[in-house]
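One structure is given here, and the rest of the page talks about it.
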Amino acid sequence: MTAFLKRIGIIVLGIFGVSMLVSMGSLWALREGDFYKPSFLVNGVSTSDFDYIVLGASTGLTTLNTKVIDSVLHIEGINLSMDDTSISSQYLMLEHFLASGKHADICVLASSASSYDAISIHISDNDYRFLPYVSRGYISDYYASFSGTAAGVSGLSKWLPMAGVGYYNAELFYPSLISLVAPQHRNRFDSKGNYTYPVGSGASKRILSRHPKTIYFKNTYLAKIKALCDSHDIQLVCYVSPLEQQEAILEQTSYDVINHSTLLKDSRYFYDAIHVNTLGRHVASLQFSEDFRSYVISESFDKLRMTE
Amino acid sequence: MLFNSLTFAVFLPIVFMLYWFVFKRSLKRQNVLLLLASYVFYGWWDWRFLGLILLSTLVDFFVGLQLHKTEAPKQRKFYLLFSLCVNLGLLGFFKYYHFFIESWIDAWSFFGIQMHASTLEIILPVGISFYTFQTLSYTIDVYRKQLEATRDFVQFATFVAFFPQLVAGPIERASHLLPQFSRERKFDYSNAMNGLRQILWGLFKKIVIADNCARYVNIIFEGYDSYSGSTLFVGAILFSFQIYGDFSGYSDIAIGTARLFGFDLKQNFAFPYFSRDIAEFWRRWHISLSTWFKDYLYIPLGGSRVALSKIVRNVFVIFVISGLWHGANWTYIVWGLLNALYFLPLLVLKRNKVHIGIVAEDRILPSIHDFRKMAVTFILITFAWIFFRSKSVFDAFQYLKGVLNETLFTIPEIRPTFLFVLIMIFVLIEWMGRRGLYGIESLWGNYPKGVRWGVYYVITMIIFLFGAKQQEFIYFQF
C-alpha cells in the first residue's frame, strides 16, 4: 500500500509538473505571437497613439472597416473588437489597451444592440483570449468579478496556468502551437483588426419594416468604460450597427451615439440578422466615416490635439 | 457524479483512503463505507431517486429470503412475479410511460380517433435500467436455485448500488459480484496499478475520442438536411467512435475503479469494431447486457434449439427488447430490428459462431479477407447507429437518404483532420492491444519501465491538451 501511494504521489507530481510546464509554455507562446487580439495589440501593433479605436463584439469586428475609415478621414485607428464578447470584455480590452502603453483620442464602442442593456454574471465566451496576460492584476481582477466555472478556472490560472489551459485546451493549446511556428499568424482578422463575412447567394430583397428595439444604455460596464475614457481624456462614441430586422430606438442618453440600425435597406447587405457582409460593411464604413467626421473635427478633439 | 469530473477526482481518493486505511480491519465497515459512498455518488445527481434504489433493494432482499425459505413452487413463483412486477413496473413507469401513452394516442389517431391523455413530468432516474437488471439477475438466480440468497442486507445493498458500475454498468451478475462482498480484501499493488491503467485508458476514450467526436456529431446530426452525403457519412462514422469511446470508456473506468477496491468486474467490451460479422460484434459489444438477455430471455424462450420459425421469433424478440431497453423511442426499436435482420441470416445458416477467437491472433496485421469482413461489419453497424442517434425514425431515414446519393462522393464540408489522426492512433493502439482486456493492458509490457511510463504520461497529456469539454455519458440516459 505504501509503495502504491508513493507511486501515485510521484505520478501526480509528475503530471502536475509537466502540465504546468506545458501550460506556461503555451501561454508564453501566445503572449509572443499575434494570434488573438490581446497579444496582437502588444506585439503586432507598433503605433502607440491612435486617433480612434473600435471596441466591440462581432458587430464591431465585421461592420467598421478601419482601413476605409482611415483612408476617408486621413486618420489612424484600429479595430480591437472580438466576436462573442460583451461590453464587459470591451471594458477589459480598453484596460488592456491602456495598460499596454497605448492611447487613443476617441473610443468607438460598437457592441451589439442587445449588449448595451445586457447584464451578465458570467464571462463572455471569448474572454479566455486574455489568459496569456492573467498575471496582470486588471485581468485576474476581471475574472474574479464574475461567477461560474469558466470565470473561476480563468481566475485560478494566475497561480495555476494548467487550469485555464486544460479547460480551454482547444482554444489555447492549438493556437499556441501555431503561434510558436508562425508568431505573426492572426486568428481571422487583418493587420488593422478587421474581419468580414462573405456575400451570400441570397436574392436582393427590400427591407420594408423593422421591429423597434429600445436601447436604454443600462449596462453597468458602459458607465465604467465612460469613466475610464474620461480619466484618460478619451472621447466615447457608441455605435449601433445595421440590423436587418430591428430598428434601434435610443432612449434619452448622455452618451454620443451613431445609430446605423436602419442604414441598410436591402437584405443583400446582410450576412445574417445582425451582421453585415462585405458589401454592407463597405457601405456602413463609408457612412460611418461621414458621421464620424464631426467628432474628428469637433472642438474637443481639436483641443485634445493641441494639448498633445 | 460523473467519472470525468473534478468532484469524482476528489471523491475517489477520499473513499479509497478511508477504505484501505480507516476501515481495512473490518469487512463489514468496508461494505458500509462502499454503500454510503455509492449512495453519495448517486445522490449527487438527484438524492430523491435514492428511494427507488432502496425500494428495489428491499424488495429483492426480501424476495431472496422468502425464496430461500420456501420450496413450494407456487409460492416461489409468486415471489418471483412480485419482484418482476415491482422492478419492471418502476422501470416501465419511469422510462416508458410517455412512450406508451404517446404511441397509443398515435395509433388511434391513425384511425381518425383523437385521444387526449394527461401527461406527467417524469424524470428518468439515471441508470435505472442497469441496476434494475442487476437486481433482477439476483432474484432470478435465487429462484432458479443457482445462487444462495444472502442474509446480509449491507452486502446486498452494496451489490445493487456499487458505485463504479451503478449508473452505466457493466451489469454484474449476482453470482459473480455478490460473493466478493463477503470475501476479505487485501490490497494488491499490481491489481491496483492495473486498475489505474484501465481508468486512464477509459478517460482517454471518453474525453479525447468520444467527447471530441460529439462536437461534430451534434452539429452534423442537428443540421443533417444541409450537408452533403460525404459529410453525413463522416458524421455517422464519428458517432460510431463516439458511442464506443463513451460507453466502453465508462466501462473501463468502472472496472478500473472497482479494481482499486479489490473487486473484479466483468469485461463489457472486447474490441467490437474488430469483429468480422454481426454475431461476433454482439459477442463483443456490451457483453454484460447481451449475456443477460441470452441467459434470462433468449434461452428461456428456447434459444436456437427450436423450430426455425421460433428461432426467428426469438431473435427478433431479443433485439427489439434490447433496442427498447436503450430508450423509449421507436428509433431504438428500429435499431434493434435492423440488427436482428443483420444477425438472422448468420443464425439460420449456422454461421453465427464462425469467428470466436481474436482476429489475426498470431499476426501483426489482418489478412485482406479479415480486413474486408471487419470493414463490412463496421459499415453495417455504422448504418444502424444512424437510427440510434437520430431523433426520430423519419429523421433517420432522411439522414440515410442524405448519405446515399451522388454527394457521397464529394469532399465533406466538415473535415476534422486532427480528430481523424487521433482516431487512427486510437484504433492502432486498440488493434495492438486486442489480446488484452483493454487497449493498453498488456501493451508495452515488455518494454523498460521508463518507456511504459513515458507512454502513460503522453496519454495523460493528450487527455489534458486535446480532451473536449465535459459531456455526460450517453448511456446515463438508459
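Brief remarks follow.
- Residue check for B:SER137: crowded, with 22+ Cβ neighbours inside 10 Å, assigned by TED's automatic domain parsing to the domain that holds B:SER26 and of a type in the set (Gly, Ala, Ser): yes
- Taking segment B:33-58 as the range and being out of contact with any Phe, Trp or Tyr (no Cβ under 8 Å at 6 or more places or on another chain), of a type in the set (A, V, I, L, M) and over 20 Å from B:THR7 (Cα atoms) as the test, the residues that pass are B:LEU54, B:LEU55, B:LEU58.
- Members of segment A:127-151 found to be outside any helix (DSSP H, G or I) and surrounded by fewer than 20 Cβ atoms within 10 Å (Cβ to Cβ), listed by number: A:SER135, A:ARG136, A:SER145, A:PHE146, A:SER147, A:GLY148
Okay, residues lined up against (1) in a helix (DSSP H, G or I); (2) crowded, with 22+ Cβ neighbours inside 10 Å; (3) free of Cβ contacts under 8 Å to residues at least 12 places away in the same chain; (4) among the charged types (D, E, K, R):
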position: B:PHE241; (1), (2), (3), (4): yes, yes, no, no
position: B:ASP246; (1), (2), (3), (4): yes, yes, no, yes
position: B:GLY249; (1), (2), (3), (4): yes, yes, no, no
position: B:THR257; (1), (2), (3), (4): yes, yes, no, no
position: B:GLN267; (1), (2), (3), (4): no, no, no, no
position: B:TYR296; (1), (2), (3), (4): yes, no, no, no
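- Meets criteria (closer than 21 Å to A:ASP83 by Cα, touching a residue at least 12 places away in the same chain (Cβ under 8 Å) and buried (at least 17 other Cβ atoms within 10 Å of the Cβ)) for A:SER154: yes
- Set A:PHE16, A:PHE50: member being assigned to a strand (DSSP E or B), surrounded by fewer than 24 Cβ atoms within 10 Å (Cβ to Cβ) and either over 14 Å from the mean Cα position of the chain (by Cα) or within 14 Å of chain B (Cβ to nearest Cβ) (or both): A:PHE50
- The residues listed here are B:ALA149, B:ALA161, B:ALA168; of these, the one that is within 25 Å of the chain's Cα centre (by Cα), small (Gly, Ala, Ser) and at pLDDT 85 or above is B:ALA161.
- Conditions (1) out of contact with any Gly (no Cβ under 8 Å at 6 or more places or on another chain); (2) more than 30 Å from B:MET1 (Cβ to Cβ); number of the one not met by B:PHE61: (2)
- A:GLN246 being more than 14 Å from chain B (Cβ to nearest Cβ), farther than 21 Å from A:SER89 by Cα and in contact (Cβ under 8 Å) with a residue 40 or more places away in the chain: yes
- Filter pass, A:TYR143 being of a type outside the set (A, V, I, L, M, F, W, C), within 14 Å of chain B (Cβ to nearest Cβ) and over 13 Å from A:ARG31 (Cβ atoms): no
- Residues being of a type in the set (A, V, I, L, M) and surrounded by 15 or more Cβ atoms within 10 Å (Cβ to Cβ) - total across segment B:1-29: 6
Residues checked against (1) of a type in the set (Val, Ile, Thr); (2) in contact with a helix residue (DSSP H, G or I) (Cβ under 7 Å, 6 or more places away or on another chain); (3) more than 22 Å from B:ILE219 (Cβ to Cβ):
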{"position": "B:ALA384", "(1), (2), (3)": "no, yes, no"}
{"position": "B:GLY402", "(1), (2), (3)": "no, yes, no"}
{"position": "B:THR407", "(1), (2), (3)": "yes, yes, no"}
{"position": "B:ILE411", "(1), (2), (3)": "yes, yes, no"}
{"position": "B:VAL421", "(1), (2), (3)": "yes, no, no"}
{"position": "B:ARG434", "(1), (2), (3)": "no, yes, yes"}
{"position": "B:LEU443", "(1), (2), (3)": "no, yes, yes"}
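- In summary, A:GLU95 fulfils each of the numbered conditions (1) touching a Phe, Trp or Tyr at 6+ places or on another chain (Cβ under 7 Å); (2) within 14 Å of chain B (Cβ to nearest Cβ) with the single exception of condition (2).
- A:MET1 satisfies every condition listed in (1) more than 10 Å from every other protein chain (Cβ to nearest Cβ); (2) of a type outside the set (Val, Ile, Thr); (3) more than 17 Å from the chain's Cα centre (by Cα) except (1).
- Check on A:SER176, polar (S, T, N, Q) and either within 14 Å of chain B (Cβ to nearest Cβ) or surrounded by 12 or more Cβ atoms within 10 Å (Cβ to Cβ) (or both): yes
- Between A:LEU21, A:LEU27, A:LEU80, A:LEU73, the distinction of being within 30 Å of A:LEU180 (Cβ to Cβ) and either under 15 Å from the mean Cα position of the chain (by Cα) or more than 14 Å from chain B (Cβ to nearest Cβ) (or both) belongs to A:LEU80 only.
- If you go through segment A:187-213 and keep only what is hydrophobic (A, V, I, L, M, F, W, C), surrounded by 11 or more Cβ atoms within 10 Å (Cβ to Cβ) and more than 30 Å from A:GLN252 (Cβ to Cβ), you end up with A:PHE189, A:VAL199.
- When segment B:443-465 is filtered for residues that are free of Cβ contacts under 8 Å to residues at least 40 places away in the same chain and surrounded by 14 or more Cβ atoms within 10 Å (Cβ to Cβ), the ones remaining, listed by number, are B:LEU443, B:TRP444, B:ARG452, B:TRP453, B:VAL455, B:TYR457, B:MET461, B:PHE464, B:LEU465.
- Counting only residues that are assigned to a helix (DSSP H, G or I) and either in contact with a Leu (Cβ under 6 Å, 6 or more places away or on another chain) or farther than 15 Å from B:LEU344 by Cα (or both), segment B:272-293 holds 12 of them.
- Residues that are free of Cβ contacts under 8 Å to residues at least 40 places away in the same chain and surrounded by 17 or more Cβ atoms within 10 Å (Cβ to Cβ) were ranked within segment A:164-173; the one that is farthest from the other protein chains (Cβ to nearest Cβ) is A:TYR167.
- The single residue among A:TYR216, A:TYR239 that is under 25 Å from A:HIS122 (Cβ atoms) and surrounded by 19 or more Cβ atoms within 10 Å (Cβ to Cβ) turns out to be A:TYR239.
The values are calculated or read from the model by the stated rules, or taken from the named source; none is laboratory data. Nothing here was measured: the structure is a model prediction, and the numbers come from that model. So basically every Cβ, Gly included, is an ideal-geometry build from the backbone, and we count neighbours across all protein chains shown.
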